[in-house]
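Student: Right, I'll just put the structure down here and ask away after.
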Amino acid sequence: MATLQPILQVANMEASIAFYRDVLEFSVSLTVPDDTGQLVHAELSRNGAALMLGPASGLSEAARSLLGAGVTLYITDNDDDIDAFYQRVRAAGARIVDPIQDQEWGDRTFTVQDPDGYHLMFAKNVRPFEPPSRS
């Protein structure tokens, strides 16, 4: 079985960890400091969805200005009450990109933006999807 675990490069490790932990309810399973005590790696998860964070310090200024551009992580959690989760995330101050809504493909979703511009679309399947037939 293969797994996919994205590594997001972030401008501020502590701020990003706090956002994922305190706003998006991720658990922090591992943080790794370097010899000076600066965090150089973090692993987080939420109901089976996992991601890693690393500092963007090795990137050029131009590359750092593009963090998150064009990246959306789609996180499906069919065990959670997505409406209650949406309300908690909103109350915690997350920047809502797309409010909660039912999608034509059968999922109920909402999208937030993290401090570095990455988008996270949270989804729960609420009805079967029947793709249109091709004639």
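The values are calculated or read from the model by the stated rules, or taken from the named source; none is laboratory data. All figures in this text were calculated on a predicted structure; none of them were measured in a lab. No Cβ is skipped: glycine too gets one built from the backbone with ideal geometry, and neighbour counts run over all protein chains shown.
Student: Would you pick out the residues in region 76-114 that are under 15 Å from the mean Cα position of the chain (by Cα) and surrounded by 18 or more Cβ atoms within 10 Å (Cβ to Cβ)?
Tutor: If the condition is that a residue be under 15 Å from the mean Cα position of the chain (by Cα) and surrounded by 18 or more Cβ atoms within 10 Å (Cβ to Cβ), then ILE82, PHE85, TYR86, VAL89, ALA94, THR109, PHE110, THR111, VAL112, ASP114 are the ones that fit.
Student: Which one of VAL89, VAL28, VAL40, VAL32 is modelled with pLDDT of 95 or more, of a type outside the set (Phe, Trp, Tyr) and farther than 16 Å from VAL10 by Cα? Spell out the reasoning first.
Tutor: On the way: VAL28 fails: farther than 16 Å from VAL10 by Cα; VAL40 fails: farther than 16 Å from VAL10 by Cα; VAL32 fails: farther than 16 Å from VAL10 by Cα.
The conditions single out VAL89.
Student: Do you know which of the residues in region 4-23 that are charged (D, E, K, R) and exposed (fewer than 13 other Cβ atoms within 10 Å of the Cβ) is nearest to ALA49 (Cα to Cα)? Lay out the reasoning, then the answer.
Tutor: Taking region 4-23 first, the residues charged (D, E, K, R) are 14, 21-22.
Now restrict to residues that are exposed (fewer than 13 other Cβ atoms within 10 Å of the Cβ): 14, 22.
Values: GLU14: 20, ASP22: 16 Å.
Among residues in region 4-23 that are charged (D, E, K, R) and exposed (fewer than 13 other Cβ atoms within 10 Å of the Cβ), the one nearest to ALA49 (Cα to Cα) is ASP22.
Student: What pairs come out if I take residues in region 69-81 that are on the phi < 0 side of the Ramachandran plot and assigned to a loop (DSSP other than H, G, I, E, B) and pair them with residues that are of a type in the set (S, T, N, Q) and surrounded by 13 or more Cβ atoms within 10 Å (Cβ to Cβ) whose C-beta lies under 6 Å away, six or more apart or interchain?
Tutor: Listed pairs, sorted by first residue: ASP77/ASN47; ASN78/ASN125.
Student: For ARG46, are the conditions met, namely being farther than 21 Å from ILE7 by Cβ and at pLDDT 95 or above? If you could, list the steps in order and put the result at the bottom.
Tutor: On the way: farther than 21 Å from ILE7 by Cβ: no; at pLDDT 95 or above: yes.
So ARG46 does not fit the description; no.
Student: Restricting to region 1-51, and then to whatever is of a type in the set (A, V, I, L, M, F, W, C) and in a loop (DSSP other than H, G, I, E, B), can you tell me which residue is nearest to GLN87 (Cα to Cα)?
Tutor: LEU24
Student: Out of ARG95, ARG134, ARG108, I need the residue that is under 17 Å from THR76 (Cα atoms) and of a type in the set (Lys, Arg). Which one? Give the derivation first.
Tutor: Working: ARG95 fails: under 17 Å from THR76 (Cα atoms); ARG134 fails: under 17 Å from THR76 (Cα atoms).
Answer to the check: ARG108.
Student: Same structure again: Identify, please: which residue in region 52-68 is in a loop (DSSP other than H, G, I, E, B) and either surrounded by fewer than 18 Cβ atoms within 10 Å (Cβ to Cβ) or among the acidic types (Asp, Glu) (or both) and is, among those, nearest to the chain's Cα centre (by Cα)? Even if it seems obvious, please write down each step before you answer.
Tutor: Step one: filter region 52-68 for residues in a loop (DSSP other than H, G, I, E, B), giving 59-60, 65-68.
Subset that is either surrounded by fewer than 18 Cβ atoms within 10 Å (Cβ to Cβ) or among the acidic types (Asp, Glu) (or both): 59-60, 65-66, 68.
Working: LEU59: 21, SER60: 24, SER65: 19, LEU66: 17, GLY68: 11 Å.
Here the answer is GLY68.
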